[in-house]
Each structure stands twice: as structure tokens, then as C-alpha cells.
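Asker: Supplied in C-alpha cells, the structure appears directly below.
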Amino acid sequence: DTGVSQDPRHKITKRGQNVTFRCDPISEHNRLYWYRQTLGQGPEFLTYFQNEAQLEKSRLLSDRFSAERPKGSFSTLEIQRTEQGDSAMYLCASSLVALDTQYFGPGTRLTVL
Amino acid sequence: AQSVTQLGSHVSVSEGALVLLRCNYSSSVPPYLFWYVQYPNQGLQLLLKYTSAATLVKGINGFEAEFKKSETSFHLTKPSAHMSDAAEYFCAVSDLGGGATNKLIFGTGTLLAVQP
């Protein structure tokens with residue numbers, strides 16, 4: 001069990017570019033969550049998957065954001081036409097079942113110039 | 001809807017002193033409560049969780065928290081602070097609403113500084 005991993009750890013991009021982040025959950029964890037954390041704030045929920053099904057999306061997730069978990073294993077989060085307000089730490093977490101502990105990855109820090 | 005409030009965005013203690021980080025929650029159903037710790041440029045690590053069993057919960061690194069329903073509180077304590085405890089601490093409640101999302105709702109965090 002190697003824990004939740006995220007790639008890349010840091011991403012610097014120019015406004016208007018598209019970016020994609022990857023999250024690999026703990027093996028056999030059915031639930032996968034994405035959160036966003038801005039400076040000085042706690043993480044905020046973006047979306048979650050039960051296996052490959054995306055079951056809820058926060059209103060924070062504008063139409064420029066899309067997430068997938070194609071085979072119920074790793075997940076990707078894409079942001080199109082990035083804006084400076086998208087600069088944040090993007091955290092991924094996984095859990096075995098619904099009420100189980102969520103284990104977090106190290107995060108991807110996005111900076112939009 | 002569930003929410004948490006962390007009182008004190010910055011707390012400073014001396015090494016060896018008591019650590020007390022405050023968290024109050026609001027929940028329409030019996031809550032699941034968590035404390036996570038975050039070191040600079042890292043993800044969140046679970047310290048402890050309350051899931052309606054014992055009201056005094058012991059976690060890692062000598063931390064513990066007590067669930068007090070009458071006060072809607074879940075304060076985090078450690079008897080003796082260590083330099084390595086310097087980090088940001090987040091209290092969270094699990095959304096146990098009808099959708100069963102189980103998403104975590106976090107407070108704004110408390111940055112703990114430990115002075116030598």
C-alpha cells in the first residue's frame with residue numbers, strides 16, 4: 001500500500017492554457033474525491049467518484065473543469081482555459097467505502113500566471 | 001447542513017506546554033468528526049476521528065480530542081508540545097446528508113507555532 005499519489009506536484013501555466021492532473025488512489029479504494037485548497041483556507045469539495053461513476057459535483061466546479069475515472073482506478077482532473085483564480089492546491093483523497101477514512105495525496109499546486 | 005468553526009487561526013505555544021486547538025461543529029445528524037494535520041506543501045494526514053463510539057478519541061503523535069455534544073465541540077489537545085508539532089491543523093465534519101456523499105467539510109485551519 002503506497003498511499004495516494006498525485007502528479008505533477010507543481011504546475012505553472014499561463015492564463016488560457018489547459019492543464020490536467022492525475023490522481024492514483026490507494027489500491028482497491030472505491031471512492032475518490034477531489035478537493036481544492038486556496039491559501040489560508042481549508043480544502044473545499046469539488047467532486048467524487050464511486051468506482052467509475054461521478055456521483056456529485058460541487059457548484060465550485062465550473063464548466064471549465066472536468067474529471068474522469070475511466071476504469072475506476074486513477075482519476076484525472078482537467079481545467080480548460082485556466083484563469084488566475086484557479087491557482088490553488090488540488091488535493092485527491094480516496095476511501096474504501098462511503099464512511100471510511102479519506103486518505104489524502106500530497107496535492108498538485110497550480111500557479112496560473 | 002454541516003459546518004465547522006475553528007477558533008483562532010494562529011496559536012503559539014512553548015515547547016512542553018499544553019496544546020489546545022478549538023473546533024465547534026454544526027450538524028443536523030450525529031456527526032462524524034476528524035482532525036487532520038498539514039505540513040508545508042504536503043497533503044493532509046489524519047490525526048484522529050470520532051464516529052459515535054467513545055467520546056474521548058486518541059490519535060497519533062499523542063493527540064486526543066473529546067466530543068462534547070452539549071457544547072457542539074471537538075477540541076484537539078496534546079499535553080506537551082514538541083517542535084515537530086508545528087503545522088496547520090484542520091477540523092472537519094463528514095457530510096452525512098441524504099446523498100451519502102461523505103464529503104468532508106473543513107474549517108479554515110489553525111496554524112500552530114511551537115516556540116523553543
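The values are calculated or read from the model by the stated rules, or taken from the named source; none is laboratory data. Please read all numbers here as calculations on a predicted model, not as lab measurements. Backbone-built Cβ (ideal geometry, glycine too); neighbour counts: all protein chains shown. Remember, those area values only see protein heavy atoms, side chains included, never the ligands or the DNA or RNA. Shrake-Rupley method; radii C 1.70, N 1.55, O 1.52, S 1.80 Å.
Asker: Step by step: first the residues of the range B:1-18, then only those that are open to solvent by 60 Å² or more (accessible area, probe 1.4 Å) and modelled with pLDDT under 95, then the one that is farthest from B:Ala86 (Cα to Cα). Which residue is that?
Answerer: B:Ala1
Asker: Moving on to the next point. Going by what's in this entry, would B:Asn61 be described as closer than 29 Å to A:Leu39 by Cβ, more than 14 Å from chain A (Cβ to nearest Cβ) and at pLDDT below 95?
Answerer: In short, yes.
Asker: Continuing with the same structure: What is the one condition in (1) open to solvent by 10 Å² or more (accessible area, probe 1.4 Å); (2) more than 20 Å from B:Ser94 (Cβ to Cβ); (3) touching a residue at least 60 places away in the same chain (Cβ under 8 Å) that A:Glu68 does not satisfy?
Answerer: A:Glu68 satisfies every listed condition except (3).
Asker: Here's another thing I want to ask about it. Scan the range A:1-34 residue by residue and report those that are modelled with pLDDT under 95 and small (Gly, Ala, Ser).
Answerer: A:Gly3, A:Ser27
Asker: Also, quick follow-up: Can you name every one of the strands (runs of 3 or more DSSP E) wholly within the range A:53-113 that holds 3 or more residues which are at pLDDT 95 or above?
Answerer: Where strands (runs of 3 or more DSSP E) fall fully within the range A:53-113 and carry at least 3 residues being at pLDDT 95 or above, they are A:65-68, A:75-79, A:88-95, A:108-112.
Asker: Of everything in the range B:78-116, what is open to solvent by 10 Å² or more (accessible area, probe 1.4 Å), more than 14 Å from chain A (Cβ to nearest Cβ) and assigned to a loop (DSSP other than H, G, I, E, B)? Give them in sequence order.
Answerer: B:Pro79, B:Ser80, B:His82, B:Ala86, B:Pro116
Asker: Here's something else I'd like to know. Return the residues of the range B:52-77 that are without any contact (Cβ under 8 Å) to a residue 40 or more places away in the chain, open to solvent by 50 Å² or more (accessible area, probe 1.4 Å) and part of a loop (DSSP other than H, G, I, E, B); say none if nothing qualifies.
Answerer: Answer for the range B:52-77, where residues must be without any contact (Cβ under 8 Å) to a residue 40 or more places away in the chain, open to solvent by 50 Å² or more (accessible area, probe 1.4 Å) and part of a loop (DSSP other than H, G, I, E, B): B:Ser52, B:Ala53, B:Ala54, B:Thr55, B:Lys69, B:Ser70.
Asker: Hey, another quick one. Return the only residue of A:Tyr35, A:Tyr48 being part of a strand (DSSP E or B), in contact (Cβ under 8 Å) with a residue 40 or more places away in the chain and in contact with a Leu (Cβ under 8 Å, 6 or more places away or on another chain).
Answerer: A:Tyr35
Asker: What are the residues in the range A:94-109 that are facing another protein chain (nearest Cβ under 8 Å) and either crowded, with 19+ Cβ neighbours inside 10 Å or of a type outside the set (Lys, Arg) (or both), if any?
Answerer: Result: A:Ser95, A:Ala98, A:Leu99, A:Thr101, A:Gln102, A:Tyr103, A:Phe104, A:Gly105, A:Pro106, A:Gly107.
Asker: Follow-up. From the list A:Arg22, A:Arg15, which one is of a type in the set (D, E, K, R), away from chain B (no Cβ under 13 Å) and closer than 14 Å to A:Leu91 by Cβ?
Answerer: Unique residue meeting the criteria: A:Arg22.
Asker: Enumerate the pairs (first residue in the range A:8-28 and hydroxyl-bearing (Ser, Thr, Tyr); second residue anywhere and at pLDDT 95 or above and open to solvent by 90 Å² or more (accessible area, probe 1.4 Å)) with beta-carbon separation below 6 Å, excluding pairs fewer than 6 apart on the same chain, so at least 6 apart or on different chains.
Answerer: none
Asker: In addition: Hey, B:Gln45 hits all of (1) away from every other protein chain (no Cβ under 14 Å); (2) under 18 Å from A:Thr101 (Cα atoms); (3) polar (S, T, N, Q) but one; which does it fall short on?
Answerer: (1)
Asker: Filter the range A:66-93 for residues that are under 13 Å from the mean Cα position of the chain (by Cα) and either at the interface with chain B (Cβ under 9 Å from one of its Cβ atoms) or of a type in the set (Val, Ile, Thr) (or both) and give the result.
Answerer: A:Thr76, A:Ile79, A:Met89, A:Leu91, A:Cys92, A:Ala93
Asker: Looking only at residues that are among the β-branched types (Val, Ile, Thr) and open to solvent by less than 20 Å² (accessible area, probe 1.4 Å) in the range A:1-25, which one is farthest from B:Leu44 (Cα to Cα)?
Answerer: Looking at the filtered set, the residue picked out is A:Thr13.
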